[in-house]
Structure formats: C-alpha cells, structure tokens
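Pasting a structure here, questions to come.
No value in this document is a laboratory result; all are computed from the given coordinates. All values reported here derive from a predicted model rather than from experimental measurement. Cβ sites come from the backbone with ideal geometry, for glycine too, and all protein chains shown count toward neighbours.
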Amino acid sequence: MTRKTILNDAHRALGAKMVDFGGWDMPLNYGSQIEEHHQVRRDAGMFDVSHMTVVDLRGARTRPFLRRLLANSIEKLQKPGKALYTCMLNPQGGVIDDLIVYFLAEDFFRLVVNAATRDKDLAWIAAQAADFGVSVTERVELAMIAVQGPNARARVIGLLSPDTAAAAGKIGRFAATEAVTRDGLPLFVARTGYTGEDGFEIIVAEDRAVALWQALHDAGVAPAGLGARDTLRLEAGMNLYGQDMDETVTPFEAGLDWTVALDDVDGARREFIGRVALEAQQSNGVPRRMIGVVMDEKGVLRHGQTVRTDRGDGEILSGTFSPTLGKAIAFARVPAGPLGAVRVDIRGKEIPVRVVKFPFVRDGKPQEGI
C-alpha cells in the first residue's frame, strides 16, 4: 500500500503531479520542473521530505556503537549539534545506505536515513545495536521539510522567534540546533540539504507540518517536487542510493572515498563493519570507479545506457538534462584505469562525452571547464 506524508493534501491542493517514490505518494512537480529547479538555484524552494526516516539512538554506549556501524569516523563529532555524512556498510564493503548522523549528547545521536531503505536499515541498525545496549527508536511522529536556495536561510530565520533566530543564523554547515517559530512551534533545524545550495532541513512534529509548510509558502518559498530535487542533486554531484550505489558497490567504487575513515582523528585504527573488505579492495586495486560525464551534443543521458571506453564497457548511473548547464550530464561507473575516448551508446549510436570532475555546478554556477 502506498504511503502518504502529512502534506499530501497540501501538494494536491497546489496541483502537484503525484508519483510513487519508494512506496510513497510524492509530488514530482507542481507545474514546470525546470522552473522549480531554477527557483531553488536562484531564490528559495521547499521540498516535502517527510518520507525520510528519522531514527533516534540512546544509551551510554551509543558512540562506540556508531564507531562500529559507520564507515566515517564518529569521533569527528565532538560538539553537540554537529552532523556527519557517512555510509553504513555490509561486511563485503557494500553500501547498505548513506545517511546523516547528528550528535546531540553523548547518550543521544540522531540518524536520518533514506525512505526506500527504511525496513532493511532499521533491521540492520537494531541487530547491530543489541550488543551495545543502545535503544533504536523510529520517530514516526515527525515530518521533515527541506528549504533550499541562496535565500532559503533568510526566509526560515524570518519565521523564528528573535532568540532562536539568532542561534539558527550562526550555525555552520552540517550542524543543527533547536529553534522555535514566532508562534511557538518547536523545530529541529539542520543546515544540510540535497541540492548543492545553502539552506535548512527542518524536522517538525507531524501535526504541525502543514502549518509550517503554509507559513513558508506565505513567506515566499515556492514548493518544488522530486523532479527538481533530482536534477539539483545530480548537478551538485550527490549520489542517489539504489542508482549510484547499493549493497554491491563499495564507497571506493561510488566516488565516496572521502566518507571513509580507516583511522580516527587521533590516528587510532577503527574497526568498523566493512573495513576488512575495503582494505582488501585497496590492496588489490579498486576495479571500478565513478566518473562525471557531460554530453555536448543534443540528447539525454539515462540510467542503464552503455558507456564505451578503452578499458571496457561501463554504464550510465544517474543521468539527466541539466537546467543550469543546458546540456545532459551523468554519473557513470567504468573500469579503473585510463579510459581513452569515452562514448555512450544511445539507440545504437555512439555519442562522445567529456569526462569531468563533479560537482557539475557549485554555488549556482557551472564548474570551470564544464
């Protein structure tokens, strides 16, 4: 049965085109997907991300548990409110999910995991937590709204009480704080996002989410759907779970080397799930890698298309038309080593593409050389 977020009626009232996304009835767009994309790049847009799963972890041994569970080092989080992006791996080094973890207290951490992986994530986390005496609580009573764009933070801060507005305005990237709106609505405000733009992801009590959505709308924040969210995140060089990586792909094969910390900040060796497999892959050579490609000719790059290289064939992972660049861009997984001329097979015709570094777009502008 398809699930609905508390904002479902609000989306329909705004004329949203609804689609099934990971078992959830979600808005694809409210009219022009390209206009929604530009709205976020140039001003401020908001996304209903209440389908994401919020999981609270509590217990005296929560930090040692996360040290074991995650491929990135939880020791990077020493100040309450700080956040960390990381992968959660299986023993073979494959990505069970990518997630954000928030440090709130030594006995209290919060995870936000993907919607489509909810069931397996909760089962895996609970199974690993048992030996550490950590309680795992899914916060089903919470909703989440992402407000993104160069003017996003100012629009949100304008809704907050004066004292919490000041605090929210001071938090750095990948940090969170508690806040209260001018009419007394408590919020968990995190300076994170999935668009490459600045902004906040706001966790709010489900029964107050409609009021917050309306307040943001009244403040000039335009709604945006999953379509724009996908083009924005790909331009920003951000992976999509299930398309760019999964349990058969290691972080090294998904361009996520930077999320792996084999050692802690003090140099101590970390014994986390998947470490042995990653070390073996490093020693033997990573067989595949993820690259960014741009197609200067007309056409669209789509998931599953074959990529031809001098090292052998690969495939397009995420691919789309980039509204900011005005041309097709994609992630591709290809064999390791020199690639030579790279082409994509589109209906039997090999079209040349350029290999580029991602992100494709930074701070709303094309990266140099793209």
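Determine the sum of side-chain charges near Asp345: Lys and Arg each +1, Asp and Glu each -1, restricted to other residues whose C-beta is under 13 angstrom from that of Asp345.
Numbers: positive: Arg302, Arg308, Arg343, Arg347, Lys349; negative: Asp313, Glu315, Glu350.
Net charge in that neighbourhood comes out at +2.
For each pair in Lys17/Lys120; Lys79/Lys170; Lys82/Lys170, compute the distance between the two Cα atoms and list the pairs where it is over 21 Å. Mind showing how you got there, number by number?
Values: Lys17/Lys120 29 Å; Lys79/Lys170 14 Å; Lys82/Lys170 13 Å.
Cα-Cα > 21 Å for Lys17/Lys120; rest within.
For labels at Ser135 and Ala341 in the simple 7 Å Cα→Cβ model, what's the distance in nm?
Here the answer is 6.4 nm between the modelled labels.
A follow-up question, please. Hey, got the dipole for the chain? About the Cα centre, +1 on K and R Cβ, -1 on D and E Cβ, debye to the nearest 20? All intermediate terms of the calculation are to be shown ahead of the outcome.
Working: 45 positive and 48 negative charges, 127 e Å.
Dipole about the Cα centre, nearest 20: 600 debye.
Moving to a separate point now. Can you tell me the FRET efficiency between Lys349 and Asp20 if r is taken as the Cβ-Cβ distance and R0 is 41 Å, rounded to the nearest 0.05?
0.80
Straight-line reach from Lys349: which aspartates and glutamates have Cα under 16 Å away, leaving out those fewer than 8 places along the same chain?
Excluding near neighbours in sequence, the set is Asp296, Glu297, Asp313, Glu315.
Something else: Give me the number: length gained by fully extending Leu262 to Glu247, i.e. 0.36 nm times residue separation minus the C-alpha to C-alpha distance, one decimal in nm. Numbers along the way, then the final one.
Values: separation 15, 0.36 × 15 = 5.40 nm, distance 1.93 nm.
Between Leu262 and Glu247, full extension yields an extra 3.5 nm.
Under 14 Å from the Cβ of Arg288, count the other residues' Cβ atoms, weight Lys and Arg +1, Asp and Glu -1, and hand me the total. List each step's numbers first, then the result.
On the way: positive: Arg289, Arg311, Arg333; negative: Asp244, Asp246, Glu253, Asp257, Asp313, Glu315.
Taking every other residue near Arg288 into account, the sum is -3.
In the stretch 35-102, what trypsin sites (Lys or Arg not before Pro) fall in a loop by DSSP, with at most 12 other Cβ atoms inside 10 Å?
On the way: sites: Arg41, Arg42, Arg58, Arg61, Arg67, Arg68, Lys76, Lys82; in loops: Arg61.
Sites meeting the loop and neighbour criteria: none at all.
Given a Förster radius of 45 Å and the C-beta distance between Asp218 and Gln78 as r, what FRET efficiency does 1/(1 + (r/R0)^6) yield to the nearest 0.05?
Numbers: r = 39 Å, r/R0 = 0.86.
Efficiency computed from Cβ-Cβ geometry: 0.70.
Please find, in a Gaussian network model of the chain (springs between Cα atoms separated by less than 10 Å), the residue of Ser50, Ser283, Ser135 whose mean-square fluctuation is greatest.
The residue with the greatest mean-square fluctuation here is Ser283.
Related question: Restricting to DSSP H runs of at least four residues, report the calculated mean residue ellipticity at 222 nm for the chain, -39500 (n - 2.57) per run over all residues, nearest 500 deg cm²/dmol. Don't jump to the answer; show the numbers that get you there.
Numbers: 9 runs with 81 residues, N = 370.
Calculated mean residue ellipticity at 222 nm is -6000 deg cm²/dmol.
Related question: How big is the equivalent ellipsoid of the stretch 287-370 along its three axes, where each semi-axis is √(5λ) from the Cα gyration tensor, reported in whole Å from largest to smallest? Before the final figure, lay out the partial values.
On the way: eigenvalues 80, 43, 21 Å².
The answer is 20, 15, 10 Å, longest axis first.
Calculate, in nm to one decimal, what Arg288 and Ala60 gain on full extension: separation in residues at 0.36 nm each, minus their alpha carbon distance.
Details: separation 228, 0.36 × 228 = 82.08 nm, distance 3.98 nm.
Result for the pair: 78.1 nm of gain on full extension.
In the stretch 220-302, which trypsin sites (Lys or Arg not before Pro) fall in coil by DSSP and have 10 or fewer other Cβ atoms within 10 Å?
Sites meeting the loop and neighbour criteria: Lys298.
Now a separate question. Give, as a single signed number, the net charge of other residues whose beta carbon lies under 14 Å from the beta carbon of Leu89, with Lys and Arg counted +1 and Asp and Glu -1. Please report the intermediate quantities before stating the final value.
On the way: positive: Arg67, Arg68, Lys120, Arg270, Arg275; negative: Asp97, Asp98, Asp121, Asp246, Glu247, Glu253, Asp257, Glu271, Glu279.
That sum, taken over residues with Cβ under 14 Å, equals -4.
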